[in-house]
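Chemist: Handing you this structure, nothing more for now.
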Amino acid sequence: MDTESLKNLLNSFKIGTASLDDVLKTLKHMPYEDLEFARVDHHRALISGIAEVVFGEGKKTEDSIAIAHRIYEKSGKVLLTRVNEDVYTGLNIEGASYDRDARLITASAKSIEQKGKVLIISAGTADIPIAKEAALTASFLGSAVETLFDAGVAGLHRILKNMGLFDSANAIVVIAGMEGALPSVVGALTDKPIIAVPTSVGYGTSLGGLTALFAMLNSCVPGIAVMNIDNGFGAGCFAHKINMLSVKE
């Protein structure tokens, strides 16, 4: 349950359209619901602004589905990351959407209002799955998202030609593998906060993304935050939080 939902519930009780039993039933499983194999945190959105998300990698298919159902039943929406198509097929939530590249499922009972602007840039086509994970996460959380794919430093004119996109963005996520240079380039061209995501894309000495990670951590451009390797989800969350601060202003 998020802050707005709780306000609506309490207001319904105040004006008499919800009974005390209705309120108690809703609050019964706060702060969490014990499913034995998982403790589903229905309270998290009230604390951090971002509801619990189902990370599917390493979980049994049936466990991911069960957790997702409990979250959806309580909040009317759910996000699952790093899941396969079996989870999507078994989820059986009307209107749910699965992105095979990002391995991500979104479901919401009502349309999500999107505010501000987050720009997601990927260096290469091979980085798009992580870029999509970031974009879909930020969009699900309520940020308007724009994307620019395959704009790496091997063809620098592709970034220079699209610098106009920077102006309307409150946060920019830059995703790159190989030598991980693109965040430094973008950071040198804009005053917007940069969130860099190294990917595991690259030849042998890329070391599964460590080379890109170290390059981003050692950037001489100020104002760059660096996520873990392949962590598009974390970047999407961080960009959304920055974006919402700008929207509130």
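Chemist: In segment 37-108, which helices (runs of 4 or more DSSP H) lie fully inside it and hold 3 or more residues that are surrounded by fewer than 21 Cβ atoms within 10 Å (Cβ to Cβ) and modelled with pLDDT of 90 or more? Can you show your working first?
Modeler: On the way: elements: 44-48, 61-75, 85-91.
In segment 37-108, the matching helices (runs of 4 or more DSSP H) lie at 61-75, 85-91.
Chemist: Any residue at all in segment 225-240 that is among the aromatic types (Phe, Trp, Tyr) and touching a Lys or Arg at 6+ places or on another chain (Cβ under 9 Å)?
Modeler: As a first pass, look at segment 225-240 and keep what is among the aromatic types (Phe, Trp, Tyr): 233, 238.
Then keep just the ones that are touching a Lys or Arg at 6+ places or on another chain (Cβ under 9 Å); that gives 233.
Yes, there is a match, as at least one residue in segment 225-240 is among the aromatic types (Phe, Trp, Tyr) and touching a Lys or Arg at 6+ places or on another chain (Cβ under 9 Å).
Chemist: For Gly223, indicate whether it is under 24 Å from Leu136 (Cβ atoms) and in contact with a Pro (Cβ under 8 Å, 6 or more places away or on another chain). Quick ask: steps written out before the conclusion?
Modeler: Working: under 24 Å from Leu136 (Cβ atoms): no; in contact with a Pro (Cβ under 8 Å, 6 or more places away or on another chain): yes.
No, not satisfied.
Chemist: Could you please find all residues in segment 229-239 being assigned to a loop (DSSP other than H, G, I, E, B) and either open to solvent by 50 Å² or more (accessible area, probe 1.4 Å) or polar (S, T, N, Q) (or both)? Please lay out each step first, then the result.
Modeler: From segment 229-239, those assigned to a loop (DSSP other than H, G, I, E, B) are 229-231; that's our starting set.
Within segment 229-239, Asn231 is the sole residue that qualifies.
Chemist: Suppose we filter Ser184, Ser139 for residues that are polar (S, T, N, Q) and more than 30 Å from Gly76 (Cβ to Cβ); which single one remains?
Modeler: Details: Ser139 fails: more than 30 Å from Gly76 (Cβ to Cβ).
Just one listed residue meets the conditions, Ser184.
Chemist: Given the structure, is Ser5 open to solvent by less than 50 Å² (accessible area, probe 1.4 Å), hydroxyl-bearing (Ser, Thr, Tyr) and at pLDDT below 90?
Modeler: Values: open to solvent by less than 50 Å² (accessible area, probe 1.4 Å): yes; hydroxyl-bearing (Ser, Thr, Tyr): yes; at pLDDT below 90: yes.
Spelling it out, Ser5 is indeed open to solvent by less than 50 Å² (accessible area, probe 1.4 Å), hydroxyl-bearing (Ser, Thr, Tyr) and at pLDDT below 90.
Chemist: Which residue pairs have Cβ atoms closer than 7 Å, lie 6 or more positions apart in sequence or on different chains, and pair a first residue in segment 159-183 that is free of Cβ contacts under 8 Å to residues at least 40 places away in the same chain and under 26 Å from Leu245 (Cβ atoms) with a second residue that is open to solvent by less than 10 Å² (accessible area, probe 1.4 Å) and in a helix (DSSP H, G or I)?
Modeler: Within 7 Å, the pairs are Ile159/Val186.
Chemist: Collect the residues in segment 222-249 that are aliphatic (A, V, I, L, M), within 13 Å of the chain's Cα centre (by Cα) and under 18 Å from Gln114 (Cβ atoms), keeping them in residue-number order.
Modeler: Passing the criteria: Ala235, Ala239, Ile242.
Chemist: Related question: Residues in segment 141-148: is at least one open to solvent by 10 Å² or more (accessible area, probe 1.4 Å), part of a loop (DSSP other than H, G, I, E, B) and of a type in the set (S, T, N, Q)? Step through it out loud before you land on a result.
Modeler: Narrowing segment 141-148 to residues open to solvent by 10 Å² or more (accessible area, probe 1.4 Å): 141, 144-148.
Okay, now just the ones that are also part of a loop (DSSP other than H, G, I, E, B), so none.
No, every residue in segment 141-148 fails to be open to solvent by 10 Å² or more (accessible area, probe 1.4 Å), part of a loop (DSSP other than H, G, I, E, B) and of a type in the set (S, T, N, Q).
Chemist: OK, next. Could we say that Val221 is β-branched (Val, Ile, Thr) and farther than 22 Å from Thr81 by Cβ here? Don't jump to the end; show me each part of the working.
Modeler: Details: β-branched (Val, Ile, Thr): yes; farther than 22 Å from Thr81 by Cβ: yes.
The answer is yes for Val221.
The values are calculated or read from the model by the stated rules, or taken from the named source; none is laboratory data. Since we're looking at a predicted model, the values are computed, not measured. Cβ: placed from backbone, ideal geometry, glycine included. Neighbour counts: every protein chain shown. Heavy atoms of the whole protein, side chains included, go into the accessibility calculation; ligands, DNA and RNA do not. Shrake-Rupley method; radii C 1.70, N 1.55, O 1.52, S 1.80 Å.
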